[in-house]
Amino acid sequence: MRVPGGNLLALAARVIQQQPITWQAFVSRARNATGQYVNTYAAAVVIQGSFQPIDKKAYQQLGLDLAKNYATLYTSQVIRTVERDGSGDLLSYNGKLYQGTSAVDWTGQDGWGAYIVVEVDTP
């Protein structure tokens, strides 16, 4: 098998069952009547991926906030992460809501990406 180009996620999915995750893509941000920014998201759709919690022991190494809960999502879907003037996409898994924060994007080379997501309050 060649790497990149061998699609490691597809290979892993043969032995590790993918999970259904509800995904809402960020669409836009606008100010409401009181001047606060309000995000708009697309209708929810179900995607497949491998959702893996991040061990708290790795938080410091990754520069993550110890007071929050993080996970890594491996999926072939391109997930938008938090950026200036924009919001990360929302993902629902196992009764909790998450937002994309950062990515290792292998979609161009291998057809998948690894996304760090953080648990957020329900809007």
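For region 58-103, what is the convex hull volume of the alpha-carbon atoms per residue, in Å³?
Numbers: hull volume 4.7 nm³, N = 46.
Looking at region 58-103, the number lands at 102 Å³ per residue.
Under 17 Å Cα to Cα from LYS96, which lysines show up? Leave out anything in the same chain fewer than 8 places away.
LYS68
Sorting THR101, THR40, THR122 by accessible area (1.4 Å probe), largest first, what list results?
Heavy-atom accessible area, descending, gives THR122, THR40, THR101.
The values are calculated or read from the model by the stated rules, or taken from the named source; none is laboratory data. Quantities reported herein were computed from a predicted structural model and do not represent experimental measurements. Heads up: the accessible areas ignore ligands, DNA and RNA and are worked out on the full protein's heavy atoms, side chains in. Shrake-Rupley method; radii C 1.70, N 1.55, O 1.52, S 1.80 Å.
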